[in-house]
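K.L.:
Before I ask anything, let me first share the structure, which is written out below as structure tokens.
The values are calculated or read from the model by the stated rules, or taken from the named source; none is laboratory data. Computed from a predicted structure; not experimentally measured. Neighbour counts are summed over all protein chains in view; Cβ atoms, including those assigned to glycine, are modelled from backbone coordinates with ideal geometry.
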Amino acid sequence: MPSKTEFYRQMADHVATQLTGSWQEWAGFLTTAARLYKYPFHEQLLIYAQRPDATACAEYDLWNEKMGRYVRRGSKGIALVDDSGDRPRLRYVFDVSDTGTREHSRTPWLWKMKEAYQEPVSAMLERNYEVSGDNLAQQLEAVAHKLAGEYWNEHRQDLLYIVDDSFLEEYDEFNIEVQFKAAATVSISYALMSRCGLKPERYFTHEDFMAIFDFNTPATIGALGTAVSQINQQVLRQIGVTIRNYEREQLAERSNHHEESHELHPERRLPDSRPEAERTADEAPGQVRQDAESIPEGTPSHPLQPAADEREAVPAPHRDRRDRTEPSGADDAPAGERRGRDGAAESQRPHEVGGPDEHLQGTGRGDSDGGAYSQLSFFLSENEQIRIIDERADPKVAPI
């Protein structure tokens, strides 16, 4: 029987080989990956395999400590394989839908494209990539085409090296380039449009995805998926920053307007202008935006990335990016090493909060055979999580 780590590796490989055998399956994956654009390809695969409807994922500790949200009883963690240490280990994340809120809970900042954002986003794309179009969809497709070509130029030798045993093996170098650019361009375009709410199924048909069928081995699928994932992350981060800056500018203008009105009518009160991330889940509409990132950010991974205070409030957990050429910048570092039970038999079911076994091995480091674990750690019950979150938020309760 394979170890849990090996089980999830095999799951990822199995899902990957199924994806490019059907354009509908690949398109479905691209939709999920677009929401989860801050995760690397191999983790997007595992999230898609276990929770294709996930929108914003983070570790248990991060939901509790950073966001003031508790993980609901019975929630099953999404297993991810972490290769950042000497030995691979499993870590678990939970979708925002698995969490509940309290009075002082924070909501992930997840941008959603609106008509008002299209003009500043279009201007940013033209400025950064020197592309234009009659509409945002055309512009995104032009960006995808340009970046797919640049990726090929930078990784040409690596891509030519991994075509053995795939349908690409029969092609000469020129046609491998053509197929890669075609597959990458349509995939990136579809994902960008999906994340921007542009209903990409209106723009693409089965014929547009023909090139993906040549990527039919784990190596070629991994190469294509990595390219798509990295480029999506770059562009979607920039779109998110543009939207956030636009919102801040609009908020500043409204604040100035209300201040002027207040001087004329001192009896009128100013509206609550707190940032979205500071509102609770029960407050004003618009605070929950539909995306799939994962909580407070770290160092940018691309020279075009902005400083930390301009980035989105929800990144993906930090780990070794095996399938990246550079580390991701949207990381929430683990809140300490956690290990499972020594010599305990491993179930291949996801870990569940509030079940008979509440031990969390997902944020710990186990051996590659899934055997030796030396430290116990526990998921707290839902009630205990709520008690701690409320105490942490209450200024009258002294910290321990």
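K.L.:
Would you say Ala34 is buried (at least 21 other Cβ atoms within 10 Å of the Cβ) and not in a loop (DSSP other than H, G, I, E, B)?
P.N.:
Considered against the rule, which asks whether it is buried (at least 21 other Cβ atoms within 10 Å of the Cβ) and not in a loop (DSSP other than H, G, I, E, B), Ala34 comes out as yes.
K.L.:
If you don't mind, another one. Can you name the number of the only condition in (1) over 30 Å from Ile386 (Cβ atoms); (2) touching a helix residue (DSSP H, G or I) at 6+ places or on another chain (Cβ under 8 Å) that Arg69 fails?
P.N.:
Every listed condition holds for Arg69 apart from (1).
K.L.:
On to the next question. Going through Met210, Met193 one at a time, which residue ends up being closer than 16 Å to Thr32 by Cα and out of contact with any Ser or Thr (no Cβ under 6 Å at 6 or more places or on another chain)?
P.N.:
So the residue among Met210, Met193 that is closer than 16 Å to Thr32 by Cα and out of contact with any Ser or Thr (no Cβ under 6 Å at 6 or more places or on another chain) is Met193.
K.L.:
If I ask for residues that are touching a helix residue (DSSP H, G or I) at 6+ places or on another chain (Cβ under 6 Å) and among the hydrophobic types (A, V, I, L, M, F, W, C), which ones from region 28-56 would you list?
P.N.:
Phe29, Leu30, Ala33, Ala34, Leu36, Phe41, Leu45, Leu46, Ala49, Ala54, Ala56
K.L.:
Of all residues in region 205-215 being in contact with a helix residue (DSSP H, G or I) (Cβ under 6 Å, 6 or more places away or on another chain) and modelled with pLDDT of 95 or more, which is surrounded by the most Cβ atoms within 10 Å (Cβ to Cβ)?
P.N.:
Here the residue is Phe215.
K.L.:
Further, regarding this structure: With in contact with a strand residue (DSSP E or B) (Cβ under 8 Å, 6 or more places away or on another chain) and surrounded by fewer than 24 Cβ atoms within 10 Å (Cβ to Cβ) as the only criterion, which of Gln24, Gln10, Gln50 stands out? Walk me through it before giving the result.
P.N.:
Details: Gln24 fails: in contact with a strand residue (DSSP E or B) (Cβ under 8 Å, 6 or more places away or on another chain); Gln10 fails: in contact with a strand residue (DSSP E or B) (Cβ under 8 Å, 6 or more places away or on another chain).
Checking each option against the conditions leaves just Gln50.
K.L.:
For residues that are charged (D, E, K, R) and surrounded by 14 or more Cβ atoms within 10 Å (Cβ to Cβ), scanning just region 148-186, find the one that is nearest to Thr20 (Cα to Cα). Reasoning before the result, please.
P.N.:
First, pick out the residues of region 148-186 that are charged (D, E, K, R): 150, 154, 156, 158, 164-165, 169-170, 172-173, 177, 181.
Going one step further and asking which of them are surrounded by 14 or more Cβ atoms within 10 Å (Cβ to Cβ), we end up with 156, 177, 181.
On the way: Arg156: 21, Glu177: 18, Lys181: 15 Å.
That would be Lys181.
K.L.:
Might you check whether a residue that is polar (S, T, N, Q), farther than 30 Å from Phe379 by Cα and assigned to a loop (DSSP other than H, G, I, E, B) occurs anywhere in region 128-142?
P.N.:
First pass over region 128-142, keeping only residues polar (S, T, N, Q): 128, 132, 135, 138-139.
With farther than 30 Å from Phe379 by Cα added as a condition, the list becomes 128, 132, 135, 138-139.
Then drop every residue that is not assigned to a loop (DSSP other than H, G, I, E, B), which leaves 132, 135.
Yes, there is a match, as at least one residue in region 128-142 is polar (S, T, N, Q), farther than 30 Å from Phe379 by Cα and assigned to a loop (DSSP other than H, G, I, E, B).
K.L.:
If you don't mind, another one. Please list, ordered by first then second residue, the pairs with beta carbon atoms under 8 Å, 6 or more apart or interchain, first in region 209-221 and under 14 Å from Leu159 (Cα atoms) and hydroxyl-bearing (Ser, Thr, Tyr), second modelled with pLDDT of 95 or more and buried (at least 21 other Cβ atoms within 10 Å of the Cβ).
P.N.:
Thr220/Val163; Thr220/Leu168; Thr220/Asp214
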